[in-house]
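Asks: This is the structure I have questions about; it appears just below.
What follows is calculated from the coordinates using simple rules that are stated; it is not laboratory data. Given the structure is predicted, the values throughout are model-derived calculations rather than measurements.
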C-alpha cells in the first residue's frame, strides 16, 4: 500500500513540476515581439534582457564586414497591431511608409554572422537578442521577409503577351 502511495505522490510532483514549467514559460512567449517604440519605452529595463523586436530594414544603413563576419543595419518602427496594419493599407504600404518617415523611431542592430541573403531595403525584420548599454541591439538571430512577398497580384508568366 505504501508503494502505491509513493508512486502517486511522485506522479503528482512530476505533473505539478511540468505544469509549473508550462505556466512560467508562457509569460515569456505570450508576446511574439516588441515594436521599436515599445522597446524604447522599456528604458533601462530592456538592457541585457533577451528580447525580440520587429521593424523594417532601412537599406542604406546596411554595412557588412565579411572578414569578421558582422553586419550592422537599422530597423524602423512598424505597427505591431495587425488591424492597424490593415487600416494603413496592408503590410507593403506600412513598410514603405515607415522607411520614408525620417521621424519614425529607429533601432541600430549588430549581427555577428554572415549577412542574410534577404537583408535588403524594406524587408520586414524580426531580430532576437539584447539591447546593451551602448544603445545598440546585438542580435543572435535575424528573421527576414523579402518585400517582394507583399506585392499584390500574380507575376506574369514567361511568354505572356
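Asks: Please give the length that would be gained between residue 72 and residue 33 if that part of the chain were fully extended, namely 0.36 nm times their separation in residues minus their C-alpha to C-alpha distance (nm, one decimal).
Replies: Working: separation 39, 0.36 × 39 = 14.04 nm, distance 2.01 nm.
Going from the current span to full extension adds 12.0 nm.
Asks: May I ask you to derive the relative contact order of the stretch 32-149, considering only C-alpha pairs under 8 Å and at least 6 residues apart, and to give it as an integer percent? Show your work: numbers first, answer last.
Replies: Working: 250 pairs, mean separation 36.3, N = 118.
So the answer I get is 31 percent.
Asks: Quick check: convex hull over the Cα atoms of the stretch 29-124, volume per residue in Å³, rounded to an integer? Don't skip to the end; give the middle numbers.
Replies: Details: hull volume 11.0 nm³, N = 96.
Hull volume over Cα atoms, normalised by residue count, gives 114 Å³.
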